[in-house]
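Read-outs: derived from the displayed coordinates by stated rules, not from any lab. None of the values given here were measured: they were computed from a predicted structure. Backbone-built Cβ (ideal geometry, glycine too); neighbour counts: all protein chains shown.
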Amino acid sequence: MKNLLLSFILVITLSCAKTKNETKINEETTTYYLIRHAEKDKSDANNQNPNLVIKGLERAKRWSNHFKNIDLDAIYSTDYKRTIETALPTAMDKDIEITPYNPKTLDLEIFLKDTKNKIVLIVGHSNTTPAFVNKIIGKEKYESIDETINSKLFIITIQDNNISSKIIDID
């Protein structure tokens, strides 16, 4: 009986130690999800700040559904109607305020420091999203997204100074 009790205590202790270690690993991981804004209104070629069309609003909702089970800590968006409208359903579902950023003036070092060990969604444009990914990973790996494509999801994971990135299509 004494051996059984000792075995039980040992199992519980090891289980707790593993849980603490797993928590530590998760706390030391930074994950970035980067997307391009959803489909915008192209009816007025002179409009530099168009809203999303119905299809775009539907895609924004699908993005929200995609991120439903992901514990986002922050959401960043450029300060354009189309990017904000893309981020808004997710921000509302998560009760997270959208943080504006300007890809032309963003200080990458400060951004990385501010988002370290967090899970972050970043909404940008066909040219700024891949460029942002390239800056974070330190390589010229991804090219601009074709204007007709709004379904690419870039995922960057940083753990113990190891950086991995991938791109998937969520349609």
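Among the residues of segment 105-119, are any touching a Gly at 6+ places or on another chain (Cβ under 6 Å), polar (S, T, N, Q) and closer than 18 Å to LYS135 by Cα? Let's see the steps before the verdict.
We begin by selecting, within segment 105-119, every residue touching a Gly at 6+ places or on another chain (Cβ under 6 Å); these are none.
Within segment 105-119, not a single residue is touching a Gly at 6+ places or on another chain (Cβ under 6 Å), polar (S, T, N, Q) and closer than 18 Å to LYS135 by Cα.
Give the number of residues within segment 59-117 that are of a type in the set (D, E, K, R), in contact with a Lys or Arg (Cβ under 8 Å, 6 or more places away or on another chain) and closer than 28 Å to GLN159 by Cβ. Show your work before the answer.
So in segment 59-117, the residues of a type in the set (D, E, K, R) come out as 59, 61-62, 68, 71, 73, 79, 81-82, 85, 93-95, 97, 104, 107, 109, 113-114, 116.
Filter once more, so that each one left must be in contact with a Lys or Arg (Cβ under 8 Å, 6 or more places away or on another chain): 73, 82, 93.
Still in the list and also closer than 28 Å to GLN159 by Cβ: 73, 93.
Final tally of qualifying residues: 2.
Of the conditions (1) touching a Lys or Arg at 6+ places or on another chain (Cβ under 9 Å); (2) closer than 21 Å to PRO103 by Cβ; (3) assigned to a helix (DSSP H, G or I), ASN49 satisfies every one except a single condition; which number is it?
(3)
Of the residues in segment 61-105, how many are part of a helix (DSSP H, G or I), polar (S, T, N, Q) and buried (at least 18 other Cβ atoms within 10 Å of the Cβ)? Let's see the steps before the verdict.
Step one: filter segment 61-105 for residues part of a helix (DSSP H, G or I), giving 61-66, 81-94.
Narrowing the set further to residues that are polar (S, T, N, Q) leaves 64-65, 83, 86, 90.
Those still in the list that are buried (at least 18 other Cβ atoms within 10 Å of the Cβ) too: 64, 83, 86, 90.
Matching residues across segment 61-105 total 4.
Can you name the condition, by its number, that LYS135 falls short on among (1) basic (Lys, Arg); (2) in contact (Cβ under 8 Å) with a residue 24 or more places away in the chain; (3) part of a loop (DSSP other than H, G, I, E, B)?
Result: LYS135 fails condition (3) only.
Which one is farthest from THR31 (Cα to Cα), of the residues in segment 116-141 that are small (Gly, Ala, Ser) and surrounded by 11 or more Cβ atoms within 10 Å (Cβ to Cβ)? Write out each step before concluding.
Here is the first cut: in segment 116-141, the ones small (Gly, Ala, Ser) are 124, 126, 131, 138.
Next cut, surrounded by 11 or more Cβ atoms within 10 Å (Cβ to Cβ) only: 124, 126, 131.
Details: GLY124: 16, SER126: 20, ALA131: 17 Å.
Top of the filtered list is SER126.
Does segment 157-171 hold any residues that are part of a strand (DSSP E or B) and out of contact with any strand residue (DSSP E or B) (no Cβ under 7 Å at 6 or more places or on another chain), and which are they? So that I can check it myself, show each step before the final result.
Our first condition is that a residue be part of a strand (DSSP E or B); within segment 157-171, this holds for 157-159, 162-169.
Answer for segment 157-171, where residues must be part of a strand (DSSP E or B) and out of contact with any strand residue (DSSP E or B) (no Cβ under 7 Å at 6 or more places or on another chain): just ASN162.
Report the residue count in segment 142-156 for those that are exposed (fewer than 14 other Cβ atoms within 10 Å of the Cβ) and either outside any loop (DSSP other than H, G, I, E, B) or in contact with a strand residue (DSSP E or B) (Cβ under 7 Å, 6 or more places away or on another chain) (or both).
Final tally of qualifying residues: 0.
Looking at segment 111-144, which of its residues are under 26 Å from LYS81 (Cβ atoms) and of a type in the set (A, V, I, L, M)?
Within segment 111-144, ILE119, VAL120, LEU121, ILE122, VAL123, ALA131, VAL133, ILE136 meet the criteria.
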